[in-house]
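Since every read-out is calculated from the coordinates, none of them should be taken as a lab result. From a predicted model like this one, the values you see are computed outputs, not experimental measurements. Here the Cβ positions follow ideal geometry from the backbone for every residue, glycine too, while neighbour counts run over all protein chains shown.
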Amino acid sequence: MSSESRTAVVIPAAGRGVRLGPGAPKALRALNGTPMLIHAVRAMAESRAVSLVVVVAPPDGAAAVKTLLDDHALPERTDFLVVPGGESRQESVRAGLDALPPGFDIVLVHDAARPLVPVDTVDGVIEAVRDGAPAVVPALPLSDTVKQVEPAAEQDAPEPVVATPERARLRAVQTPQGFDRATLVRAHESVTGQVTDDAGMVEQLGLPVVCVPGHEEAFKVTRPLDLVLAEAVLARRRANDGF
Ligand SMILES: Nc1ccn([C@@H]2O[C@H](COP(=O)(O)OP(=O)(O)OP(=O)(O)O)[C@@H](O)[C@H]2O)c(=O)n1
Ligand SMILES: C[C@](O)(CO)[C@H](O)COP(=O)(O)O
């Protein structure tokens, strides 16, 4: 794939954010006064390689998300589309893919819930796809030892440990995940089971997926403590910009 290849990003933003607690859909909640989704959109549009961003809005919230995008300053070189999402992340990504116009050979899929990913991480993923990998995921080594368990039937009941995978061979994967468009479309057309990320669908096609370095600041806002961390990261960026 050449450096002439055009890149689009699909941002699934249709989740409710149940683990974050009661409130508006997660992507619309504020971080430092600005909706998480706007941070995520800006993070993608900061890459000069990205010329289209497709936002997948909560099913009944597409009009509100369009207004939100219109009301915030975003780079003029990037086009934006908004489509309604589905019941699962997988369905939402599929809705975004269906809305992609022709002419984009590289597609990134980026969680609205990872609003602070640095542009160097985004560019690293795009570069690896341009270099010929059909599927690329940013990833970090784990800090904790991981146990495989037999899940308990009751919440908080003790769970028997089945195995301890070798930590050095494990990675925690983030987004944006990057794909050769035809590969991602084929994965979404042919893989029907439950998956938790798009690269997992490509794996199921038997195609290679590679990891490139992720970034600590690309963490996913999932639980309330993550909001505290996200605001602290933004405060640190502001302080650094001040010097
Ligand atoms: N039906 C869904 C579910 C999730 N997502 C998006 O997928 C990303 C990752 O999902 P997650 O962090 O699990 O978000 P939620 O599903 O909102 O979280 P929860 O499971 O706590 O409800 C988020 O940007 C979320 O908006 C989506 O577009 N459509
Ligand atoms: C895609 C993802 O962010 C990669 O780590 C993650 O799998 C999404 O999981 P979620 O439980 O749907 O947030």
### Task
Give the relative contact order (percent, whole number) for region 125-243; include only Cα pairs under 8 Å separated by 6+ residues.
32
### Task
Check each of the GluC sites (Glu not before Pro) in region 157-243 and keep only those in coil by DSSP with at most 11 other C-beta atoms within 10 angstrom; list them in order.
GLU166
### Proximal lysines to LYS26, defined as alpha-carbon separation beneath 17 angstrom and excluding residues fewer than eight positions away on the same chain
LYS66, LYS220
### Task
Could you please tell me the mean projected area of the C-alpha convex hull for the chain, averaged over all directions and given in square nanometres to one decimal?
14.7
### Query
Given q = 0.13, 0.14, 0.23 Å⁻¹, what are the Debye log10 I(q)/I(0) values for region 137-220, with equal point scatterers placed on the Cα positions and solvent ignored?
-0.58, -0.66, -1.11
### Task
Could you give me the radius of gyration and the Dmax of region 45-152, taking only the C-alpha atoms into account and expressing both in angstrom?
16.4, 51
### Query
Bin by bin, in steps of 5 Å, what percent of the Cα pairs in region 1-109 do you find, going until the bin that has the longest distance?
2, 13, 24, 25, 20, 10, 5, 2, 0, 0
### Query
Taking N as the number of residues in region 75-135, what value does Rg over Cα atoms divided by 2.2 N^0.38 Å take?
1.24
### Task
For region 182-238, count the residues as N, evaluate 2.2 N^0.38 Å, and divide the Cα radius of gyration by that value, please.
1.59
### Query
When the Cα centres of region 1-68 and region 120-153 are compared, how far apart do they sit, in Å?
20
### Task
Provide the percentage of antiparallel DSSP beta bridges, counting only those with both residues in the chain; round to the nearest 5.
40
#### Entry: FRET efficiency for HIS72 and VAL228, using Cβ-Cβ distance with R0 set to 25 Å, rounded to 0.05
0.60
### Net charge over other residues, Cβ less than 13 angstrom from the Cβ of LYS147 (K, R count +1; D, E count -1)
-3
### Message
Place a point 7 Å from the Cα of VAL162 along the Cα-to-Cβ direction; which residues of region 182-202 have their backbone N under 12 Å from it?
### Response
none
#### Entry: Sequence-separation-based contact order of region 1-130, relative, with Cα cut under 8 Å and 6+ spacing, percent
39
